[in-house]
Amino acid sequence: MSTTRSELPLKDLPLKDLAQKDLTLKDLTLRDLTLSKTIEDILVARNLRGMKTVQPHLQPGYCLRAAAILRNCTGHVLIGTGFPVVDTFETDGPVGTIALYNALRTLGAKPIIVCGRPVSSALANKYTVHEIGVGDHDKREQEALESLQRFQPQAVISIERPGQCADGGYYNMRGEDISARTACFDTYMNMSQCPTIAVGDGGNEIGMGKVSEALKELSIVPAVTSCDELIVTDVSNWGAYGIISFLSIWNERDLLKEINPLNILQYISELGSVDGVTRINECTEDGLPVTEGESVLRELRQVCGFEV
């Protein structure tokens, strides 16, 4: 006796059929967890700053769970980004943020990029931006509380945002104190009543408090701010692509194909961004040529079943 596709067990159904059934996260993991683990491995395959060693400290499926948080969002989604480098901002963070912003807008959500100057002023002409204060000030909690009450977000996301360390300060990958040039997004993550997602690639970003024990092996001043779902990756921009992978499958639209890293890099480069590693105004991310990010996108599209 033959079995029709609709009669197949959940574990044997194609991913797109699972999406059409509008199943719960528990049901989806029967098939999607394997894909999520594959995606998570792709994101740390180069192991540039030790994230491959941090990965085992997270429960597998974090890309799937992060995407599930955003799957049915139709309201505001706050995305914090912007890592200060010298007197400007780095390319890692804004590229992934813009990619996720565009994907969420396409799917009917209302994303808002939350950042301080100079990122806020750079992006405000093209994107919906909410500016927050830079440096140490006594209104951080009030600033976050008022914004959370105003926007009533369905999710709060941090992509390559400096995270507060144990002493309350902020430090870059070189161990330099960047507190005076950093806007505090930690309060948004800590005070939010909705799910929180963070993406980081080194240990000093928001969200890394979730894996504090694993960070002891790294040469970094670790961040202590945690989150509900943490995505570790070799370049934080790529973590956003991991989320978009599942949004693409569930909506039967290759949103990954619509991402053009070079165009985004050229756009923010004209606005004054620099590579966070080289500190040079160029179209690279964390010292890597744009072809590396393009390669990751192709890998993700392939494992998601899209024609490459």
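Descriptive notes on the structure:
- Taken together, Gly169, Gly203, Gly163, Gly207 contain a single residue that is on the phi > 0 side of the Ramachandran plot, modelled with pLDDT of 95 or more and in contact with a Ser or Thr (Cβ under 8 Å, 6 or more places away or on another chain), which is Gly207.
- The stretch 46-82, residues that are within 13 Å of Asp201 (Cβ to Cβ) and of a type in the set (A, V, I, L, M): Leu48, Met51, Val54
- Test: residue in the stretch 50-59 that is under 12 Å from the mean Cα position of the chain (by Cα), closer than 16 Å to Ser236 by Cα and either among the polar types (S, T, N, Q) or surrounded by 24 or more Cβ atoms within 10 Å (Cβ to Cβ) (or both): no
- You will find that of Leu35, Leu28, Leu78, the residue that is modelled with pLDDT of 95 or more, in a helix (DSSP H, G or I) and aliphatic (A, V, I, L, M) is Leu35 and no other.
- Tally, over the stretch 99-121, of residues that are in a helix (DSSP H, G or I), of a type outside the set (S, T, N, Q) and touching a strand residue (DSSP E or B) at 6+ places or on another chain (Cβ under 8 Å): 5
- Pairs are defined by a Cβ separation below 6 Å, a sequence spacing of at least 6 or placement on different chains, a first member in the stretch 90-117 that is in contact (Cβ under 8 Å) with a residue 12 or more places away in the chain, and a second member that is in a loop (DSSP other than H, G, I, E, B) and among the acidic types (Asp, Glu); the pairs so defined are Thr91/Asp275; Asp92/Glu160; Asp92/Asp286; Gly93/Glu160.
Residues are listed down the side, and each one gets a yes or a no for (1) modelled with pLDDT under 95; (2) buried (at least 17 other Cβ atoms within 10 Å of the Cβ); (3) more than 19 Å from the chain's Cα centre (by Cα):
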{"residue": "Val221", "(1), (2), (3)": "no, yes, yes"}
{"residue": "Trp238", "(1), (2), (3)": "no, yes, no"}
{"residue": "Gln266", "(1), (2), (3)": "no, no, yes"}
{"residue": "Gly272", "(1), (2), (3)": "no, no, yes"}
{"residue": "Pro289", "(1), (2), (3)": "no, no, yes"}
{"residue": "Arg301", "(1), (2), (3)": "no, yes, no"}
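- Pairs where the first residue, in the stretch 244-266, is of a type in the set (Asp, Glu) and the second is in a helix (DSSP H, G or I) and at pLDDT 95 or above, C-beta under 6 Å, 6+ apart: Asp254/Ser248
- Search result, residues across the stretch 178-198 that are in contact with a helix residue (DSSP H, G or I) (Cβ under 7 Å, 6 or more places away or on another chain) and under 10 Å from Val134 (Cβ atoms): Cys184
The values are calculated or read from the model by the stated rules, or taken from the named source; none is laboratory data. What you see is a predicted model; the values in this text were computed from it and never measured. No Cβ is skipped: glycine too gets one built from the backbone with ideal geometry, and neighbour counts run over all protein chains shown.
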